[in-house]
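To start, the structure under review is shown below, and the notes come after it.
Derivation of every value follows stated rules applied to the coordinates shown; laboratory data play no part. Note that the structure is a prediction, hence the values are computed from the model and not measured. In this analysis, Cβ positions are derived from the backbone assuming ideal geometry, glycine residues included, and neighbour counts consider all displayed protein chains.
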Amino acid sequence: MTQATLSTANVSNTAVIQTKSFTPKDIDRIFNAQKKKALELRLTNYKTRIQKLKKLKDVVLKYQPQIQNALHADFRKSAGEVDITEILPTIAEINDAIRHIKHWMRPKNVMTPPTLLGATSRIVYEPKGVCLIIAPWNYPFHLAIAPLAAAIAAGNTVMLKPSEFTPNTANIINVMLNEIFSEDEVAVFEGDVSVATALLEIPFDHIFFTGSTPVGKIVMAAAAKNLTSVTLELGGKSPSIIAEDADMKVAAERIMWGKFLNAGQTCVAPDYLLIPEAKVEEFVKYAKETTESFFKSKPENFTASTDFCRIVNAKNFSRVSSYIDDAVKKGAKIAYGGEVRSSDNFIAPTILNNVSLDSKIMEDEIFGPLLPIVTYKSLDDAIHIINERPKPLALYIFTKKRSTSKYVLRRTSSGGAVINDVILHLVNPNLPFGGVNHSGHGSYHGIFGFKTFSHERSVLQTPKASIAKLMYPPYSGFVRLMVKLTTKFFV
Ligand code: NAD
């Protein structure tokens, strides 16, 4: 495996294990080696792929303590949160593939129309080939390894670039995968944007990118030069609507959990809250109680909680804390929290009330532990606020009435939606996980990941005597009659 000798300006970490270095020329060499290997992997059966997935699972479990340490070193993520949000979902994804790969790989017979009488039709799943996976820093382990598992299940080779903002995790991923894969099958490229840029020059068979919407546009433009297919798992502002009739205690507890998990640095975190004016006080009361019970402390000593992680770096710290100042300047009130400390990039769980729609916090994806509250008069006003913004990755609705959730779902669009909870839709491997327009293209998890990394090839097998022959030229009166009858009765 490999470590960047391109620009590593943003990577400073003494604990990093020295891995083999590479030059831009090595990218080409590894790509060519993977192209050869990909031809071999096309022929692998489900048993071989299960063996590879089992090796991946074993090495993740073997390195679990090192993964926990790496994430703690990167942004003080607790071992418990690492287990829940990085290890568990990764193992679940690998296990799901192990259980179903035999079925997923099997060609699917489909109906053949009478115009092709005697022919048979099937969809065959073939690996895309050499794939590039670019991962973000916010769940730096899971969001690198879960797509990798899907790519392996589908029979591909992978060049993987983890985020430079979590260098300890990137390094342990490199060391771990180096132990079980040769570089012509899976190669890890540690390093910053210059490494990603060099990789994006290559004519991959597929690019799977998880990250921000602006960088998603750069990736899509680079892929277009080679007509490479892309999956874009992006971000956005995911709203939570609380309806008049919602159970306020339940809503507060669930929204606070989703907001403060990973200190709000979650792509599907409830970004902002839409709530009727009359319910704000009750919501804030329960939200405060919940937050204190989660972290067992008062706001002034939240820093003591080992279960509340830090903002990943100084740049994001100043971006997120500036949202508080801007919102307050525009009339918002801090209903809870508000403390920030630059020495360790700490921002307290914070609730902002009376937030103006023209505040920065209502324009950008927050990606931090701040919950802005916006009030609405009617459900249609709330829907209008959502539809004025780009389509979000997730939408959350809290209500006891099915008619209310249906009303909102029918009038809005989002990558996914959860009724009376947040985030949990991504736990079900039978649901595709992905965005729509600005929040992403394509999806993965379970069979959807397998399909993302596969080409669905159409195969039609015709009999010796094909009736299609009846429509060959010259286009005589008989041929025209056949077309007329077919148009009328068979298509
Ligand atoms: P980012 O877009 O800054 O970086 C993601 C990756 O892209 C990194 O590996 C980085 O090195 C690389 N990169 C950065 N600039 C690049 C460039 N100019 N050219 C090529 N590659 C480049 O995102 P981030 O800050 O790491 O992650 C946070 C964002 O990711 C948020 O917007 C969040 O919503 C989104 N996200 C989405 C999902 C999802 O599943 N939809 C999951 C996690 C995070």
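Spatial offset of the stretch 40-114 relative to the stretch 233-305 amounts to 31 Å, using the alpha carbon center of each.
Among 23, 486, 291, which comes first, second and so on when ranked by fewest other beta-carbon atoms within 10 Å? Before the final figure, lay out the partial values.
Details: 23 13, 486 16, 291 27.
The fewest-first ordering by Cβ neighbours comes to 23, 486, 291.
For the listed residue pairs 57/128; 237/285; 217/237; 279/400; 279/401, the alpha carbons are over 19 angstrom apart in 57/128; 237/285. Straight-line reach from residue 484: taking Cα to Cα under 16 Å and skipping same-chain neighbours fewer than 8 places apart, the lysines in range are 469. Projected label points at residue 277 and residue 424, each 7 Å from Cα along the beta carbon direction, are separated by 3.3 nanometres.
Order of 418, 59, 110 from fewest to most other C-beta atoms within 10 Å? Mind dumping the intermediate values first?
Numbers: 418 22, 59 18, 110 12.
The order, fewest Cβ neighbours first, is 110, 59, 418.
Partner lysines whose Cα lies under 19 Å from the Cα of residue 54, excluding those fewer than 8 positions away in the same chain, are identified as 62, 102. Close amide H partners of residue 271, meaning residues 5 or more places away or on another chain with modelled amide H under 5 Å apart, are 238, 240. Projecting the Cα atoms of 318, 486, 269 onto the charge dipole of the chain, computed from C-beta unit charges around the Cα centre, puts 486 farthest toward the positive end. Axis angle, to the nearest 10 degrees, between helix 167-180 and the longest C-alpha principal axis of the chain: 30 degrees.
The charge dipole of the chain, taken about its Cα centre with unit charges on the Cβ atoms of Lys, Arg (+1), Asp and Glu (-1) only, comes to about 2340 debye.
Defining a contact as two alpha carbons under 8 Å apart and six or more residues distant in sequence, what relative contact order in percent does the chain show?
Values: 998 pairs, mean separation 90.2, N = 491.
Across the chain, relative contact order equals 18 percent.
Cross-linked pairs 36/451; 360/391; 108/391: Cα-Cα separations exceed 24 Å for 108/391. For the chain, adding -39500 (n - 2.57) for each run of n ≥ 4 DSSP H residues and dividing by the number of residues yields -13000 deg cm²/dmol at 222 nm. Counting only alpha carbon atoms, the long axis of helix 88-105 and the longest principal axis of the chain meet at about 10°.
How large is Rg/Rh for the chain, to two decimals, with Cα atoms and a Kirkwood Rh? Kindly include the intermediate steps, with their values, before the conclusion.
Numbers: Rg = 25.4 Å, Rh = 24.5 Å.
Here the Rg-to-Rh quotient is 1.04.
The order of 111, 256, going from fewest to most other C-beta atoms within 10 Å of their C-beta, is 111, 256. The magnitude of the dipole of the stretch 437-488, with charges of +1 and -1 set on the Cβ of Lys/Arg and Asp/Glu and taken from the Cα centre, is near 340 debye. Working from Cα positions, state the angle (0 to 90°, nearest 10) between the long axis of helix 402-411 and the longest principal axis of the chain. Between helix and principal axis, roughly 70 degrees. Under 19 Å between alpha carbons, and skipping anything fewer than 8 positions from residue 288 in its own chain: which aspartates and glutamates qualify? Filter leaves 247, 253, 271, 277, 300, 307, 339, 421.
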